[in-house]
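Please read the structure below before turning to the comments.
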Amino acid sequence: MSAIQFKAKAYKPENAAKSNKDLLLLLPQSASDKLPSRGMALVEGTINGTSFKQPLEPNGEGSHLVVLDLKLQKETGIKAGDIAALSIEPSKDWPEPRIPADLKRALDSNKGAINTWKDITPM
């Protein structure tokens, strides 16, 4: 699949807590339609030339959102209201979730639980 290229305006969600400093980029519908899932979709690519890899979240209206945490905002130089240039491609290489030590011990001690965990995680 070739890269999906588009521009999106960074914004702070209206209902976000004041402590939440994340910004969002809404994919245009035409870009979202090229993703393999209407649900969460893992992508890799660039934002303003900076490499990134993350799951895109469905926005509940048929499109997807890129979440710009503070680290990614700093790396890309993006602030609320800025227009970002993105180039993304779907990825099948989902990162293994970090499991807290106490949860890992509990999962390891119960074969049924670990099998359920493996069934419900993206990998």
Condition met for Thr116 (closer than 17 Å to Leu23 by Cα and either surrounded by 12 or more Cβ atoms within 10 Å (Cβ to Cβ) or modelled with pLDDT under 85 (or both)): no
Tally, over the stretch 75-87, of residues that are open to solvent by less than 80 Å² (accessible area, probe 1.4 Å) and free of Cβ contacts under 8 Å to residues at least 60 places away in the same chain: 2
Selected residue (only one of Leu42, Leu56, Leu24, Leu35 is touching a Leu at 6+ places or on another chain (Cβ under 6 Å), open to solvent by less than 40 Å² (accessible area, probe 1.4 Å) and closer than 27 Å to Ile120 by Cα): Leu24
Test for Pro90: is it open to solvent by less than 100 Å² (accessible area, probe 1.4 Å), modelled with pLDDT of 75 or more and closer than 24 Å to Leu42 by Cα: yes
Filter result for Ser51 (free of Cβ contacts under 8 Å to residues at least 12 places away in the same chain and in contact with a strand residue (DSSP E or B) (Cβ under 9 Å, 6 or more places away or on another chain)): yes
Failed criterion for Ala8 (all others in (1) at pLDDT 95 or above; (2) over 16 Å from the mean Cα position of the chain (by Cα); (3) more than 27 Å from Pro97 (Cα to Cα) hold): (2)
Sole residue being open to solvent by 60 Å² or more (accessible area, probe 1.4 Å), among the charged types (D, E, K, R) and touching a residue at least 24 places away in the same chain (Cβ under 8 Å), chosen from Lys9, Lys18, Lys71, Lys104: Lys9
Strands (runs of 3 or more DSSP E) lying entirely in the stretch 17-123 (those with 2 or more residues that are touching a His at 6+ places or on another chain (Cβ under 7 Å) and under 25 Å from Ile4 (Cα atoms)): 50-58
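The values are calculated or read from the model by the stated rules, or taken from the named source; none is laboratory data. On a predicted model such as this, the values are computed, not experimentally measured, just so you know. Here the Cβ is made from the backbone with ideal geometry for all residues, glycine too, and neighbour counts use every protein chain on show. Areas reflect the complete protein model, heavy atoms only, side chains present, ligands, DNA and RNA absent. Shrake-Rupley method; radii C 1.70, N 1.55, O 1.52, S 1.80 Å.
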